[in-house]
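Notes follow the structure.
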There are 2 protein chains.
Amino acid sequence: MRPREFDHDDVLRIAFDQFWRKGVRGTSLSDIARDAGVQRGSLYNAFGSKEALFLQAYERYAGDYFLALQKALGTGSLRKRLTAFFDLTITNFRSGTPPRGCPTTRGLMELGAAEGEGLDEEARQALAGLISRITALVQDALSAGAARGEFNGNAAAAALHIVTVTRGLAVLERAFGDEPQLRKIAAHTIDLLLGRKGG
Amino acid sequence: MRPREFDHDDVLRIAFDQFWRKGVRGTSLSDIARDAGVQRGSLYNAFGSKEALFLQAYERYAGDYFLALQKALGTGSLRKRLTAFFDLTITNFRSGTPPRGCPTTRGLMELGAAEGEGLDEEARQALAGLISRITALVQDALSAGAARGEFNGNAAAAALHIVTVTRGLAVLERAFGDEPQLRKIAAHTIDLLLGRKGG
DNA sequence: GAAGTATTTGACACGACGTCAAGAATATGC
DNA sequence: GCATATTCTTGACGTCGTGTCAAATACTTC
């Protein structure tokens, strides 16, 4: 057995950085190979294909991001939690120079173009899976933080609404790049759900 | 002058059909050329580049779609208008077999991957432009249909919220393909804005 | 009918993905 | 300690995509 000449995790991080900045289709394995100081063929040997590499790099990111969201949604009043949730979401979309947008949304719209392939479906599930997990997380926070009968006892619908708005924010980020606008929409959404005062 | 051997508009329609189904990056000019019965080189001669062709094909679509939305938002009570708006939006996302999703959102996330090119920016503006125009349209409908002081006199924020939700619906469509879910979110959004009963 | 002009056509250059066989470097067995 | 087996690396190759160009073609106009 010959040992790897590169660190598996390093490559994953370098690859995801590129995927995030330039999109999956806009990133070539040559780019990643150059950046990581690895031969292109070695990437195929270690990860299988470009989409498989993206998938693994994405799972890495998704795990970290989910934990951060969990933390943001876990403390304080319901309004505080939702504010922290939207803040983290928007800050994430606007991170980097230039802002990199939402990798989940981006990947979701980018992949699975053709006719229904095998690996594409796996990637779609990974991306959609994070959205599902976030929705469940928000729903828990709503249920836990709902003192009175807010949401008419339907935290599931409210959580889905909130997550839908965040997906919309990801799209608007890319369309206009107007961060204050995104934050206004977020604040408006919270007010809409909790009322303009308490929470 | 030698005359064209193909119809400019036909090619635009055929091209957009492919772009819509398979995405911009997932569609090759060879595909379009074959489908349209035109030589690939002729497309370059007539439209300049793949993105320019997409841009022209998209403008065609956007014009038609905007008119349909205008019609949906122009009649009946405010609730009726919004219901028709969401219905048209979702129906559009779910048209085709398999459902093609939202071409605007898809295009927005797909394009402009690299570093800031020329034509990409033009396409981004075209795609973002439709979103802006739709927002203005919704805002007009809200202002016109608002009998009482709904939205606290802030129809702009409400319109932006609505459009944000539609963009989110486009993403969820692609993530889960669950049309009833989309319609539930839409109904929930309307209730949230107008209250559960009147409108 | 001849000249001019725009379109078509096919070849070309380039870059991307993915595959493969041959070479290189380490672990294991004797 | 050395040979062998196993894995990784490396470079060449095939295929397909975009975009360019010069030559051929077909119409319009004088």
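The values are calculated or read from the model by the stated rules, or taken from the named source; none is laboratory data. As the structure is a prediction and not an experimental result, all values here were calculated from the model. Ideal geometry is used to build each Cβ from the backbone, glycine not excepted, and the neighbour counts take in all protein chains shown. Note: areas computed on protein heavy atoms with side chains; ligands, DNA, RNA excluded. Shrake-Rupley method; radii C 1.70, N 1.55, O 1.52, S 1.80 Å.
Provide the solvent-accessible area of residue A:121, counting protein heavy atoms only and rolling a 1.4 Å probe, rounded to the nearest 10 Å².
Result for residue A:121: roughly 70 Å² accessible.
Any idea how far apart residue A:122 and residue B:30 come out in nm if each label point goes 7 Å out from Cα toward Cβ?
Spacing of the two 7 Å Cα→Cβ label points: 2.6 nm.
Using a Gaussian network model on chain A with a 10 Å cutoff between Cα atoms, which of A:55, A:67, A:108 fluctuates the most?
A:67
Counting only protein heavy atoms and a 1.4 Å probe, tell me what percentage of the stretch A:58-194's accessible area is made up of carbon and sulfur.
Taking all protein chains in place, the stretch A:58-194 shows 53 percent carbon and sulfur surface.
About the Cα centre of the stretch B:5-51, what is the dipole size in debye to 20, counting +1 per Lys and Arg Cβ and -1 per Asp and Glu Cβ, all else neutral?
320 debye
Near the amide H of residue A:6, under 5 Å away, which other amide H atoms are found, from residues 5 or more places off or on another chain, if H is placed in the peptide plane?
Here nothing satisfies the definition.
Taking a label point 7 Å out from Cα toward Cβ, give me the nm distances from residue B:178 to the same spot in the other copies, shortest first, one decimal.
So the distances to the same position in the other copies read 3.2 nm.
Full-extension gain between residue A:8 and residue A:71, please, as 0.36 nm times their residue separation minus the C-alpha to C-alpha distance.
Between residue A:8 and residue A:71, full extension yields an extra 19.9 nm.
Restricting to DSSP H runs of at least four residues, report the calculated mean residue ellipticity at 222 nm for chain B, -39500 (n - 2.57) per run over all residues, nearest 500 deg cm²/dmol.
That comes out to -24000 deg cm²/dmol.
Per residue of the stretch A:54-60, what does 6.51 cos²θ - 1.76 cosθ + 1.60 with θ = phi - 60° give for ³J(HN,Hα)? Whole Hz please, x for Gly and Pro, Karplus curve as stated.
For the stretch A:54-60, the Karplus-derived couplings read 4, 4, 5, 5, 5, 4, 4 Hz, x marking Gly and Pro.
Any chance you could give the angle, 0 to 90 degrees and rounded to 10, that helix B:179-194 forms with the longest Cα principal axis of chain B?
40 degrees
Over the stretch B:57-194, what is the relative contact order in whole percent, taking alpha-carbon pairs under 8 Å and six or more residues apart?
31 percent
About the Cα centre, and with charges only on the beta carbon of Lys, Arg (+1) and Asp, Glu (-1), how big is the dipole of the protein assembly as shown? Nearest 20 debye, please.
About 1200 debye.
Read phi for every residue in the stretch A:159-172 and hand back ³J(HN,Hα) as whole Hz from Karplus 6.51 cos²θ - 1.76 cosθ + 1.60, θ = phi - 60°, with x for Gly and Pro.
Per-residue couplings from phi come out as 4, 5, 4, 4, 5, 4, 4, 5, 5, x, 4, 4, 6, 5 Hz.
Can you give me the solvent accessible area of residue A:190 with a 1.4 Å probe, rounded to the nearest 10 Å²?
Here the accessible area works out near 10 Å².
With +1 on the Cβ of every Lys and Arg and -1 on the Cβ of every Asp and Glu, and nothing else charged, how large is the dipole of the stretch B:57-194 about its Cα centre, in debye rounded to the nearest 20?
Computed charge dipole of the stretch B:57-194: roughly 660 debye.
Taking the solvent-accessible surface of protein heavy atoms with a 1.4 Å probe, what is the per residue accessible area of the protein assembly as shown in Å²?
On a per-residue basis, the protein assembly as shown sits at 45 Å².
Would you mind listing the distances between the residue B:6 label point and the same position in each other copy? Use 7 Å along Cα-to-C-beta, nm, one decimal, shortest first.
When each copy's label point is compared with this one, the spacings are 4.0 nm.
For chains A and B, what's the summed buried accessible area, probe 1.4 Å, to the nearest 100 square angstrom?
So the buried area, both faces added, is about 3500 Å².
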